[in-house]
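For reference, the structure discussed in these notes is given below.
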There are 2 protein chains.
Amino acid sequence: MRSCSRWTLYVIVDRAAAGSRPLDELAAGAIRGGADALQLRDKAASARQLLEEARRLLAITRRARIPLIINDRADVAAAAGADGVHLGQDDLPLPEARRLLGPRRLIGQSTHSLEQAAAAEAAGADYIGFGPIFPTPTKPDYEPIGTGLIGPVASRVRRPVVCIGGIDRGNLEQVIDAGATRVAVVRAVCAAADPEAAARDLKALLTRHAARR
Amino acid sequence: MRSCSRWTLYVIVDRAAAGSRPLDELAAGAIRGGADALQLRDKAASARQLLEEARRLLAITRRARIPLIINDRADVAAAAGADGVHLGQDDLPLPEARRLLGPRRLIGQSTHSLEQAAAAEAAGADYIGFGPIFPTPTKPDYEPIGTGLIGPVASRVRRPVVCIGGIDRGNLEQVIDAGATRVAVVRAVCAAADPEAAARDLKALLTRHAARR
C-alpha cells in the first residue's frame with residue numbers, strides 16, 4: 001500500500017470544516033464522488049476520540065479499497081491500523097514517524113517551499129503536500145504560495161506532489177494549468193452542500209486534464 | 001526499567017507551571033532534591049517541540065539513572081527513546097500504547113475513581129495515577145476526590161498508586177496519613193521559589209513516613 005502514484009483527488013475529512021455533518025457520511029460521499037484517498041483531520045479531538053473516528057472511517061475506506069491517512073498522530077495511525085500519517089512541519093520528524101510506522105505505511109509531509117519539498121523527499125516522504133496555494137482558513141499562519149512554484153516543485157521532486165490550500169471548483173483549472181496533477185481539498189468537499197457531487201466535479205476535471213497530457 | 005515500586009516522589013515537569021523557568025534547570029533541581037522519576041508535560045507544545053524537550057531532559061535523567069515519562073504522546077515517547085508514557089483517560093487506550101511501546105517501557109494511567117484504578121491495573125498499567133486529591137488548576141474539569149479513597153485504592157490495586165492533584169508541603173502529611181506512600185506533584189516543585197529545596201522537603205517527609213511503616 002505504498003503507492004500514491006495514482007492519486008489525483010485527496011479529500012481531507014476535517015471535523016472543523018464538516019461542522020455538524022457526520023464524518024462517516026462525508027467520507028462515504030467523498031468516496032462515491034471519486035476520492036482516491038482520504039485523510040482524517042480533527043485537531044480538537046483527544047487521541048482516544050481520534051482513534052475512534054479513525055476506526056469508523058477505516059471500515060468505510062477499506063470496503064472502498066482506498067487509503068486512510070491520519071493527520072499528525074503517528075501513534076493513533078499505528079493504533080488504528082490506518083494506512084499512514086500526514087505530518088506537518090511541527091509534527092514528529094519523518095524518520096521518527098517512519099520508525100514507528102514501518103516501511104509499508106504511507107507518510108506524507110506538508111511543505112511550504114521548494115526547499116521543504118526537496119527535504120521531505122530526501123527524508124523519505126511517500127507524497128508531498130505543497131501549499132497553501134491560495135488563502136485558506138485552515139492555515140491562517142501561512143502566506144499563500146500562489147501557483148508559480150507548482151511547476152518547479154513538480155520537476156524537482158519525484159514523489160507525488162499534492163497541491164493544497166484553498167483549492168476549489170472555481171480555481172482548480174488554474175492549479176492544473178500551473179502543472180498540478182493532484183490536489184487535496186478540505187472545504188471544497190467537507191463544507192459543500194453536496195459533498196459527493198463536489199468531489200465528482202473536482203475529480204472529473206482532474207481526470208479530463210490527466211487524459212490530455 | 002519496568003519497576004516503579006521504589007518511587008515515592010514523582011515530579012511532573014510541566015511547561016505551563018514552570019513559567020519562564022527552563023525545563024532542564026527545573027528537572028536538574030528536582031533530581032538533586034530527590035525526585036525518583038520525572039514526567040515531561042507540555043500540553044501546548046507541538047510534537048516536534050515535545051520531542052526536542054524530551055531529548056534534552058533525557059540527557060539529564062539518564063545521567064541520574066531515573067526514568068523520564070512523557071505525558072500523552074506514545075509516539076513522542078517512542079521517538080525520543082523515553083522510559084514510558086503517561087496516559088489520561090482521553091489518551092490512547094493502554095493496550096494500544098503498550099503495543100507501540102513494547103513490554104519494557106513504563107505506562108502510567110491517570111484514574112479518578114476506584115473503578116478506573118482497577119481497570120487501569122487490569123489493562124496493564126505499570127503504575128496508576130490517582131486524583132485529583134485536592135483542587136488543582138491543572139485539572140479544572142475534575143472534582144477533587146479528597147483523601148477518603150486513598151486507602152481503598154491502595155488495598156484494591158497491587159501496582160504502585162501515585163496520588164496526585166494539588167498536593168504540596170502543606171497537605172502532604174494528610175495524604176500520607178490517608179495511606180499514600182507515593183505522590184506526584186506539579187506546582188509544588190515547578191512553581192516553587194526553590195524547586196530543589198521544595199523537592200527535598202517533600203521527599204524527606206515521604207521517606208520519614210515510609211521508614212515508620
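Here A:Asp201 passes the criteria (1) buried (at least 24 other Cβ atoms within 10 Å of the Cβ); (2) touching a Lys or Arg at 6+ places or on another chain (Cβ under 8 Å); (3) more than 30 Å from B:Ala80 (Cα to Cα) except the one numbered (1).
With respect to the conditions (1) under 15 Å from the mean Cα position of the chain (by Cα); (2) more than 14 Å from every other protein chain (Cβ to nearest Cβ), B:Ala82 lacks only one, and its number is (2). For the stretch A:114-144, a residue qualifies if it is assigned to a loop (DSSP other than H, G, I, E, B), touching a helix residue (DSSP H, G or I) at 6+ places or on another chain (Cβ under 9 Å) and away from chain B (no Cβ under 14 Å), and the qualifying residues are A:Gly124, A:Ala125, A:Ile133, A:Phe134, A:Thr136, A:Pro137, A:Thr138.
For residues in the stretch B:34-46 being of a type in the set (Gly, Ala, Ser) and crowded, with 24+ Cβ neighbours inside 10 Å, which is farthest from the other protein chains (Cβ to nearest Cβ)? I'd like the intermediate steps shown before the answer.
Residues of the stretch B:34-46 that are of a type in the set (Gly, Ala, Ser), as a first pass: B:34-35, B:37, B:44-46.
Next, only the ones that are crowded, with 24+ Cβ neighbours inside 10 Å stay: B:35, B:37.
Details: B:Ala35: 26, B:Ala37: 21 Å.
It comes out as B:Ala35.
Go through the stretch A:60-77 and report how many residues are crowded, with 24+ Cβ neighbours inside 10 Å and over 20 Å from A:Val185 (Cβ atoms). Residues flagged as crowded, with 24+ Cβ neighbours inside 10 Å and over 20 Å from A:Val185 (Cβ atoms) within the stretch A:60-77 amount to 5. If you go through the stretch A:63-79 and keep only what is in a loop (DSSP other than H, G, I, E, B) and within 12 Å of chain B (Cβ to nearest Cβ), you end up with A:Asp72, A:Arg73.
Do we have A:Asp168 as surrounded by fewer than 24 Cβ atoms within 10 Å (Cβ to Cβ), of a type in the set (D, E, K, R), part of a loop (DSSP other than H, G, I, E, B) and within 14 Å of another protein chain (Cβ to nearest Cβ) here?
Values: surrounded by fewer than 24 Cβ atoms within 10 Å (Cβ to Cβ): yes; of a type in the set (D, E, K, R): yes; part of a loop (DSSP other than H, G, I, E, B): yes; within 14 Å of another protein chain (Cβ to nearest Cβ): no.
For A:Asp168, the condition - surrounded by fewer than 24 Cβ atoms within 10 Å (Cβ to Cβ), of a type in the set (D, E, K, R), part of a loop (DSSP other than H, G, I, E, B) and within 14 Å of another protein chain (Cβ to nearest Cβ) - is not met.
Name every residue in the stretch A:171-213 that is of a type in the set (A, V, I, L, M), in contact (Cβ under 8 Å) with a residue 24 or more places away in the chain and in a loop (DSSP other than H, G, I, E, B), in order of residue number. Result: A:Ala178, A:Ala180, A:Val186, A:Ala191.
Here the stretch A:85-104 is the region considered, the condition is being at the interface with another protein chain (Cβ under 7 Å from one of its Cβ atoms) and outside any helix (DSSP H, G or I), and the residue that is nearest to A:Gly124 (Cα to Cα) is A:Pro93.
Per the conditions (1) closer than 19 Å to B:Lys203 by Cα; (2) not in a strand (DSSP E or B), the sole criterion not satisfied by B:Val13 is (2).
We did not get these values from a lab; they are worked out from the coordinates using the rules stated. Keep in mind that what you see is a predicted model, and the values were worked out from it rather than measured. FYI the Cβ positions are ideal-geometry reconstructions off the backbone, even for glycines, and counts take in every protein chain you see.
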